[in-house]
């Protein structure tokens, strides 16, 4: 499997875990609209935000770039703030939290 580092885009958001986590919450809500059930298709154990086919969009659409293309057709401004889909402080952990919340899990244990 080819692993490559996704591009970093400085200047879009301050590089702090809090703002990055907030971006993930927003993008997770967006995925709820455009890809119902997305959290059940993403494997948090394989989640790798540096890998184009193991990141959130890669697991949903086959590749990071394909996912960005699909989302941009619905949300034209997706490229203005893609930080939630890139490797940044706190991003992977927040995606795992969002996935577990939508699955009804807490600390990896199904509560539903």
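A short reminder: the numbers here are calculations on the coordinates, not readings from a lab. Remember, it's a predicted structure, so these values are computed and weren't measured experimentally.
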### Task
Convert 20 °C to kelvin, take the viscosity as 1.002 mPa s, use the Kirkwood radius over C-alpha pairs of segment 35-79 as Rh, and evaluate the Stokes-Einstein diffusion coefficient in µm²/s, rounded to a whole number.
203 µm²/s
### Enclosed volume per residue, in Å³, of the convex hull spanned by Cα atoms of segment 17-99
75 Å³
